[in-house]
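Read the structure below first, then the notes.
What follows draws every value from the coordinates through simple rules; no lab data is involved. Please read all numbers here as calculations on a predicted model, not as lab measurements. Here the Cβ positions follow ideal geometry from the backbone for every residue, glycine too, while neighbour counts run over all protein chains shown.
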Amino acid sequence: MSRFYEQLAVNKDIEWLMYLAQYDERVYDVVDKHQLTPLAIAALPSPQAAMFLAKGMVYEPIHTEVMQNFIRICMHLSRFSTVEEAVALGELVSSCGLPEQYRAQLFNFSETYRHMILSNSYFVQRSVLKLLAYVFCDDVLSDAVAQLQYKSDILNHVNRVFTTSPDFISWRYSVRVMSIAGGYNEDRSDVEYTDALVRVVTRVLPEFLTYFSITFCYAMVRFYPKRVRGITPRWLARHRALFSATYCSIMGILVNTVADYRAHQHRVQYELRRAQELRRRRGAERRGLDYDANPYFDNLEGVTRRVFGIQCQSYLVAGTMLGVSLLPLTKVTFPKWMGDVTWRHPFLPRLFPSLMGLHAASRCVVPFVFAPFTMTTLLCSNQNGVTLYDYYVNMRFVLWHRKTEVAFDTSAEVSVDLTEKRQRD
């Protein structure tokens, strides 16, 4: 795969590299070696390019180029055309607060933040609130936070989002921004706790329900074929379908949200440790002391391989669970000294009937998991980071927009009627 990535980089096929970067972190190292980041910047506002840059914002070659085009990216976000563009560009803008060295520079865009918070789009509000949460959490920049509040009165706009926005992400980050700017003793760990909570509510729960509902409906049909009709009760088939759906949902969460979150945490920790290492190097150089520099932070090869190892662990766990679910079970004869196994362990005949020699629609360990898991994963694999919750937020925005349009048209008609009446009079 590394040779294949090198060949793509030589041909400057950035689209394939950005697509493969969703599954293999080593692509970022290849992009850095061949200096292809400007090509990814030029591909904006493509959702694929935006998500590629958002995940790699902790790497110096990427966040250097992104910060040089910060205003242009905000302009792309302000006039997005699809939900995919809005979510991907919002994630990219909010990720600009992760690198520590650019937080002081981000205070220069106070008018940009004010216009983004006052925007009617929930995705634009979400991006700037998450960005401000990471920017405000630095204790060294507390004076800059007060100056930003003095220049733009930004906390009043944040409070308006807190009271009016139906987006859970915007609501939680607005609370965090007001708490940090209000002088409470909160730091980056509180922002990371908010990020974890938001991921659980907006990604884990919808993903679990998606895998669970599809697998349960599929298993309910397959668990009750004609050959066991009248032998297996309906409630028993339903319990077995619930077990298969739960198993498939856990596997889907592990391979998607959990894998992404673990990789994100490792990237953030790498950025913090790299900033600490660079401070030590500058301090030793300024004092003229000898310092053994850690070569791990000189390039992206080490960190990308470690993140790829985390991704491979998630893929291996999911593949193992999928393989175990396909294993056939044969009847086991328990020794007499074990007594009544069925009575001691009542979940065995209910969840693993083939093990006890009972009638079942399938002899697999966890039957009817492979087909719905594969189908759901393929359907959700090309969404560019868009979740069901994002589609729900977009639906709320469309409904709000239609409601305001109707109110505006009605008020315009009333004003026209009054004008005509005055003219007749």
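Dividing the summed helix terms, -39500 (n - 2.57) for each DSSP H run of n ≥ 4, by the number of residues in the chain produces a 222 nm estimate of -21500 deg cm²/dmol to the nearest 500.
Close amide H partners of Cys364, meaning residues 5 or more places away or on another chain with modelled amide H under 5 Å apart, are Leu329.
Taking 0.36 nm per residue of separation and subtracting the Cα-Cα distance, full extension of the segment from Met395 to Glu277 would add 37.9 nm. Once you have all Cα-Cα distances for the stretch 317-382, histogram them in 10 Å bins from zero and send the whole-percent values. Percent of pairs per bin, in order: 19, 39, 26, 12, 4, 0.
Run through the stretch 21-128 and list the trypsin sites (Lys or Arg not before Pro) located in a DSSP loop whose Cβ has at most 15 other Cβ atoms within 10 Å.
Numbers: sites: Arg26, Lys33, Lys55, Arg72, Arg79, Arg103, Arg114, Arg126; in loops: Arg26, Arg79, Arg103.
Loop-located and lightly packed - Arg79.
When peptides 88-94, 36-42, 328-334, 165-171 are ranked by their average number of other Cβ atoms within 10 Å per residue, the highest-first order is 88-94, 165-171, 36-42, 328-334. For the chain, a crude dipole built from +1 on the beta carbon of Lys and Arg and -1 on the beta carbon of Asp and Glu, taken about the Cα centre, is about 2120 debye to the nearest 20.
May I ask you to compute the full-extension gain from Asp13 to Leu378, defined as 0.36 nm times their residue separation minus their alpha-carbon distance, rounded to one decimal in nm?
129.0 nm
Each peptide among 239-247, 17-25, 258-266 gets the average number of other Cβ atoms lying within 10 Å of its residues, and from highest to lowest they stand as 239-247, 17-25, 258-266. Residue-wise HN-Hα couplings along the stretch 119-126, as the Karplus relation 6.51 cos²θ - 1.76 cosθ + 1.60 with θ = phi - 60° gives them from phi, are 5, 7, 7, 5, 6, 5, 4, 4 Hz; Gly and Pro carry x. Computed 3J(HN,Hα) for the stretch 208-223, one whole-Hz value per residue from the Karplus formula 6.51 cos²θ - 1.76 cosθ + 1.60 where θ = phi - 60°, is 4, 5, 5, 5, 5, 5, 5, 5, 5, 5, 5, 6, 5, 6, 7, 7, glycine and proline marked x. Pairs of Cα atoms nearer than 8 Å and 6+ residues apart set the relative contact order; for the stretch 1-203 it is 14 percent. All C-alpha to C-alpha distances of the stretch 1-203, sorted into 5 Å bins beginning at zero, yield P(r) values of 1, 8, 16, 19, 19, 15, 10, 6, 4, 2, 0 percent in whole numbers. For the chain, lysine pairs with C-alpha atoms less than 21 angstrom apart, excluding pairs fewer than eight positions apart on the same chain, total 5.
Rounded to the nearest 20 Debye, what is the dipole magnitude of the stretch 1-203 about its Cα centre when Lys and Arg each give +1 and Asp and Glu each give -1 at the C-beta? Spell out each step's value before the answer.
Working: 18 positive and 24 negative charges, 101 e Å.
Approximately 480 debye in magnitude.
First check a/c for the stretch 211-289, with a ≥ b ≥ c the square roots of the eigenvalues of its C-alpha gyration tensor; if it is under 1.5, answer rounded, and if not, answer prolate when a/b is larger than b/c or oblate otherwise. Prolate, since a/c reaches 1.5 and a/b exceeds b/c.
For the stretch 39-124, the set of chymotrypsin sites (Phe, Trp or Tyr not before Pro) satisfying both a DSSP loop assignment and a count of at most 10 other C-beta atoms within 10 Å is empty. Placing unit charges on the Cβ atoms of the charged side chains and taking the dipole of the chain about its Cα centre, the candidate lying farthest along the positive direction among Leu399, Thr202, Phe216 is Phe216. In sequence order, the stretch 266-274 has phi-based couplings of 5, 4, 5, 4, 5, 5, 5, 5, 5 Hz under the Karplus curve 6.51 cos²θ - 1.76 cosθ + 1.60, θ = phi - 60°, and Gly or Pro positions carry x.
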